[in-house]
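K.L.:
Below is a structure I'd like to ask you about.
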Amino acid sequence: FVSKVYEWKEQYGNRICLQLRRLGCSLDWSREVFTMDEQRAASVKAAFLRFHKEGLIYRDVRLTNWCCILRSGISDIEVEYEDLEAPKRLSVPGHPKDRTYVFGRIWSFAYKVDGSDEEIVVATTRPETMLGDVAVAVHPDDPRYKQLHGKQLVHPFVARKIKLILDPVLVDMSFGTGAVKVTPAHDPNDFACGRRHGLDEITVFTEEGKMADNCGMFAGMMRFDARVELLAELKRRGLHRGEADNKMRLGVCQRTGDIIEPMLKPQWWVDCSRSEERRVGKECRSRW
């Protein structure tokens, strides 16, 4: 990677200096340095090691903005948003060019209670992520589900039981059925819920946007083709419970136009809360 950076610098770096000269910048060019040269890189490494030793920088697996075309995580500022007031059919990079997929809809389906004829209905704007569901959350005070506390649900497509969990943070029992599917590996709110309850984090997409090997009959399909097939299969199995228009905000990669996929990836993070404590503490000590 570093050699590629230097390759780019040799090709384009002088253009930047030329542009600065054309802007009229009066600079001492004899003091020009490159941010990744040996001396600067040594300083960066030293600072990084110091912050890591102090616990200010740490490694963790969390959700990132994943672009399946770039096969890379991107920053928040590289994500553009499209607000959908009504359903809209869109083409998606990496998918067949002659196909479009509907966004701005919400679909409802049922999970059967294990060993019972009862069911719990959940709704989602992303049906394909149900292959990574590990739980359904309800509010602990919701009388509709009191008799089901401690029960498990049957996943219709993979050999995995779904836990019924109680979570007053994630669930608003006045909204919809009061039951929420939990996919910790592909949704920020579900991720936080999963960490609270110690749930498994099951990734169901490959880096290229295909359904992973753990997706049963849908493995290998492109993610939005899998959405179409999964909804059809829910209807065939009598588990589809309806659909409706749903306003939504769609994240799109600024560079490729790909639909952003929340994906679990190892990343370096900065503990900003501790940094603030250290700053305030230092100010207090300096005053004394």
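K.L.:
Quick check on this structure: which one of 123, 137 is open to solvent by less than 20 Å² (accessible area, probe 1.4 Å), of a type in the set (Gly, Ala, Ser) and within 23 Å of the chain's Cα centre (by Cα)? Quick ask: steps written out before the conclusion?
P.N.:
Values: 123 fails: open to solvent by less than 20 Å² (accessible area, probe 1.4 Å).
Exactly one of 123, 137 is open to solvent by less than 20 Å² (accessible area, probe 1.4 Å), of a type in the set (Gly, Ala, Ser) and within 23 Å of the chain's Cα centre (by Cα), namely 137.
K.L.:
Please enumerate the residues belonging to segment 76-117 that are under 22 Å from residue 237 (Cβ atoms), among the aliphatic types (A, V, I, L, M) and touching a residue at least 24 places away in the same chain (Cβ under 8 Å).
P.N.:
Within segment 76-117, 106, 110, 113 meet the criteria.
K.L.:
Among the residues of segment 53-93, write down those that are of a type outside the set (D, E, K, R), open to solvent by less than 90 Å² (accessible area, probe 1.4 Å) and not in a strand (DSSP E or B). Give the steps one after another, and end with the answer.
P.N.:
Quick first cut of segment 53-93, residues of a type outside the set (D, E, K, R) only: 55-58, 61, 63-70, 72-75, 77, 79, 81, 84, 86-87, 90-93.
So of that shortlist, the ones also open to solvent by less than 90 Å² (accessible area, probe 1.4 Å) come out as 55-58, 61, 63-70, 72-75, 79, 84, 86-87, 90-93.
Once the filter is applied, which keeps residues that are of a type outside the set (D, E, K, R), open to solvent by less than 90 Å² (accessible area, probe 1.4 Å) and not in a strand (DSSP E or B), segment 53-93 yields 55, 56, 68, 69, 70, 75, 86, 87, 91, 92, 93.
K.L.:
Can you tell me which condition residue 188 does not meet? The list is (1) under 17 Å from residue 63 (Cβ atoms); (2) surrounded by 17 or more Cβ atoms within 10 Å (Cβ to Cβ); (3) touching a strand residue (DSSP E or B) at 6+ places or on another chain (Cβ under 8 Å), and all the others hold.
P.N.:
The number of the failed condition is (2).
K.L.:
Does any residue of segment 165-175 turn out to be at pLDDT below 95 and either surrounded by 16 or more Cβ atoms within 10 Å (Cβ to Cβ) or in a helix (DSSP H, G or I) (or both)?
P.N.:
Within segment 165-175, one or more residues are at pLDDT below 95 and either surrounded by 16 or more Cβ atoms within 10 Å (Cβ to Cβ) or in a helix (DSSP H, G or I) (or both).
K.L.:
Tell me, yes or no, whether segment 6-23 has at least one residue that is open to solvent by less than 70 Å² (accessible area, probe 1.4 Å), more than 30 Å from residue 259 (Cβ to Cβ) and at pLDDT 90 or above.
P.N.:
yes
K.L.:
State whether one or more residues within segment 233-240 are in a strand (DSSP E or B), modelled with pLDDT of 95 or more and farther than 29 Å from residue 80 by Cβ. Working first, answer last.
P.N.:
Residues of segment 233-240 in a strand (DSSP E or B): 240.
Cutting the leftovers down to modelled with pLDDT of 95 or more gives us 240.
Within this subset, residues satisfying the condition of being farther than 29 Å from residue 80 by Cβ are 240.
So far as segment 233-240 goes, yes, one or more of its residues are in a strand (DSSP E or B), modelled with pLDDT of 95 or more and farther than 29 Å from residue 80 by Cβ.
K.L.:
Another question, if that's okay. Got at least one residue in segment 38-49 being open to solvent by less than 80 Å² (accessible area, probe 1.4 Å) and either β-branched (Val, Ile, Thr) or in a loop (DSSP other than H, G, I, E, B) (or both)?
P.N.:
Step one: filter segment 38-49 for residues open to solvent by less than 80 Å² (accessible area, probe 1.4 Å), giving 40-43, 46-48.
Subset that is either β-branched (Val, Ile, Thr) or in a loop (DSSP other than H, G, I, E, B) (or both): none.
There is no residue in segment 38-49 that is open to solvent by less than 80 Å² (accessible area, probe 1.4 Å) and either β-branched (Val, Ile, Thr) or in a loop (DSSP other than H, G, I, E, B) (or both).
The values are calculated or read from the model by the stated rules, or taken from the named source; none is laboratory data. Computed from a prediction, not measured in an experiment: that's the story for all the values here. Quick reminder, even Gly has a Cβ in these numbers, built from the backbone with ideal geometry, and neighbours come from all protein chains shown. Areas reflect the complete protein model, heavy atoms only, side chains present, ligands, DNA and RNA absent. Shrake-Rupley method; radii C 1.70, N 1.55, O 1.52, S 1.80 Å.
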